[in-house]
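The values are calculated or read from the model by the stated rules, or taken from the named source; none is laboratory data. Every value quoted in this text rests on a predicted model; they were computed, and no experiment measured them. In this analysis, Cβ positions are derived from the backbone assuming ideal geometry, glycine residues included, and neighbour counts consider all displayed protein chains.
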Amino acid sequence: MKIVDWKIYAPDLNSHVFVELITDEGPTGWGAAYSLKGQATGAFSWLKRFVVGENPLEIERVTEKLHQMTFWVGRGGAMTHAISAINIALWDVTGKALKQPVSVLLGGRRYRAVPAYGSALFLPLETLSERIHKMNALGFRAIKLGWEPFGRQGIAEDEDLIRTAQRAAAPGTTLMIDAGGSAPFWRLRFKDALERAKMLANYGVYWFEEALAPDDIEGYARLRDLSPVKISHGEVLTRRQSFIPYFRRGAMDIVQPDASKVGGLSEIRRIAWMAEEHGIDLVPHGWNTAVGVAADIHLVSTLSSRSYVEFNVGNELVEKIIDPPFRLDSDGNLPVPETPGLGINIDRDRLKHYEQTGFFTPTWDWDNQNAV
């Protein structure tokens with residue numbers, strides 16, 4: 001079997017570029033990159049020469065070749081984002097060729113269904129309670145809320161926000177809070193973050209995400225030691241090597257690499273192994289697409305530690321490009337597909353429709369430095 005071509009779909013005005021690997025024996029594989037659209041498509045065009053003609057069953061060799069070829073042309077950035085999509089697609093096509101789900105290829109699933117949390121922004125505040133009600137009604141027993149205005153106002157105002165969220169959530173709902181410290185020019189420092197961590201503990205929040213700027217390893221190490229709630233971060237890091245200093249310093253309770261950014265399933269699996277050796281749980285960052293959600297479901301089903309799949313509620317690139325769509329079971333879990341590959345059917349016509357209509361998902365307005 002050989003890869004003979006690929007198709008690129010860019011349905012989002014800003015990000016989330018899809019790749020479909022095409023083989024000479026019929027099976028195709030889907031991957032997706034979480035990156036700015038222009039830089040991702042440019043990376044794909046450069047990488048294609050190293051993919052076409054390869055045997056897709058040789059996942060690790062092909063992927064490592066791509067990593068090695070990008071040492072001089074931007075490894076860790078858009079190139080790694082694009083490699084992520086290619087790697088996920090290799091796992092998908094291999095599963096289809098071998099008639100096995102990706103979870104089996106990854107070493108074997110421990111669970112037939114994995115817990116999921118509904119993920120949403122705090123804004124717009126006027127619909128926050130309504131959206132929390134909706135997520136509970138959909139079956140989510142865990143909900144994460146994030147970004148503005150949390151961490152950009154006084155702690156009293158932040159506490160009012162958490163109180164509102166807790167009152168809106170159904171009894172027994174697990175809440176996670178994401179400050180969004182990867183926003184440009186993040187202002188919270190160690191003591192600000194610790195003060196908020198103590199406040200969040202009073203409301204039973206499970207984890208506090210991106211409390212500090214991504215590069216503040218020492219701050220994160222101190223915060224993890226003193227925080228009464230779990231500290232999580234790592235979504236902006238790419239390549240397994242980037243995580244090693246954080247693991248050695250114990251700078252997180254939960255690490256959150258994104259399979260569609262970090263290097264694909266091969267890379268996130270290796271990160272999970274390293275994290276386990278350091279007593280750190282892995283919960284993948286999944287604010288991306290249906291391809292990322294499917295990859296995360298397979299990965300999480302193989303982990304021995306407590307984990308979740310992030311589900312970006314209301315994102316049509318998660319909810320409306322596959323048939324059948326994802327469905328939570330009565331316990332708030334997502335079933336692990338038992339069909340070959342990722343176990344999802346992508347609607348190509350819908351992707352093309354979004355390309356023509358200019359689909360827009362929430363992202364960061366880099367020019368105005370505001371979440372939109």
Boolean, Trp207 is assigned by TED's automatic domain parsing to the domain that holds Asp253 and under 25 Å from Met135 (Cα atoms): yes
Reported set for the range 219-265 where residues are part of a loop (DSSP other than H, G, I, E, B), modelled with pLDDT of 95 or more and more than 17 Å from Ser182 (Cα to Cα) is Ser227, Pro228, Val229, Gly250, Asp253, Gly263, Gly264
Filtering the range 6-23 down to residues that are on the phi > 0 side of the Ramachandran plot and surrounded by fewer than 19 Cβ atoms within 10 Å (Cβ to Cβ) yields none
What are the pairs with Cβ atoms under 9 angstrom where one residue, in the range 173-190, is in contact (Cβ under 8 Å) with a residue 60 or more places away in the chain and more than 14 Å from Trp147 (Cβ to Cβ) and the other, located anywhere, is buried (at least 18 other Cβ atoms within 10 Å of the Cβ) and of a type in the set (Gly, Ala, Ser)? Sequence gap at least six, or different chains. Phe185/Ala213
Quick one: Asn87 ticks every box in (1) buried (at least 21 other Cβ atoms within 10 Å of the Cβ); (2) in contact with a strand residue (DSSP E or B) (Cβ under 6 Å, 6 or more places away or on another chain) except a single one, so which number is it? (2)
When (1) among the β-branched types (Val, Ile, Thr); (2) modelled with pLDDT under 95; (3) farther than 22 Å from Gln241 by Cα are applied to Thr23, the one that fails is (2)
Subset of the range 305-345 (residues that are under 21 Å from Gln100 (Cβ atoms) and among the small types (Gly, Ala, Ser)): Gly341, Gly343
Among the listed residues Leu188, Leu175, Leu212, Leu223, identify the single one that is over 19 Å from Ala251 (Cβ atoms) and surrounded by 13 or more Cβ atoms within 10 Å (Cβ to Cβ). Leu175
Residues in the range 90-104 that are crowded, with 24+ Cβ neighbours inside 10 Å and among the β-branched types (Val, Ile, Thr): how many? 2
Helices (runs of 4 or more DSSP H) (entirely within the range 13-111) containing at least 3 residues that are closer than 17 Å to Ile297 by Cα and under 19 Å from the mean Cα position of the chain (by Cα): 78-98
Could you please let me know if Thr70 is touching a strand residue (DSSP E or B) at 6+ places or on another chain (Cβ under 7 Å) and of a type in the set (Ser, Thr, Tyr)? no
Filter the range 239-257 down to the residues that are of a type in the set (D, E, K, R) and touching a strand residue (DSSP E or B) at 6+ places or on another chain (Cβ under 9 Å) and list them by number. Asp253
Members of the range 290-317 that are β-branched (Val, Ile, Thr) and in contact with a Pro (Cβ under 9 Å, 6 or more places away or on another chain): Ile297, Val300, Val309
Report the residue count in the range 24-67 for those that are surrounded by 15 or more Cβ atoms within 10 Å (Cβ to Cβ), over 16 Å from Pro340 (Cα atoms), β-branched (Val, Ile, Thr) and in contact with a strand residue (DSSP E or B) (Cβ under 7 Å, 6 or more places away or on another chain). 2
Out of Val205, Val293, I need the residue that is in a loop (DSSP other than H, G, I, E, B), buried (at least 18 other Cβ atoms within 10 Å of the Cβ) and touching a residue at least 24 places away in the same chain (Cβ under 8 Å). Which one? Val205
How about the range 124-159: which of its residues are assigned to a strand (DSSP E or B) and either in contact (Cβ under 8 Å) with a residue 40 or more places away in the chain or outside the structural domain of Asp178 (by TED's automatic domain parsing) (or both)? Ala142, Lys144, Gly146
Quick check on the range 167-175. Is at least one of its residues closer than 30 Å to Gly332 by Cα, among the hydrophobic types (A, V, I, L, M, F, W, C), assigned by TED's automatic domain parsing to the domain that holds His133 and part of a loop (DSSP other than H, G, I, E, B)? yes
Select from the range 296-316 the residues that are assigned to a helix (DSSP H, G or I) and at pLDDT 95 or above and write down the one among them that is surrounded by the most Cβ atoms within 10 Å (Cβ to Cβ). Ile297
Among the residues of the range 105-153, what is the count of those that are buried (at least 18 other Cβ atoms within 10 Å of the Cβ) and hydroxyl-bearing (Ser, Thr, Tyr)? 2
Just to verify a result, which residue in the range 266-289, among those that are of a type in the set (A, V, I, L, M, F, W, C) and either in contact (Cβ under 8 Å) with a residue 60 or more places away in the chain or in a loop (DSSP other than H, G, I, E, B) (or both), is surrounded by the most Cβ atoms within 10 Å (Cβ to Cβ)? Val283
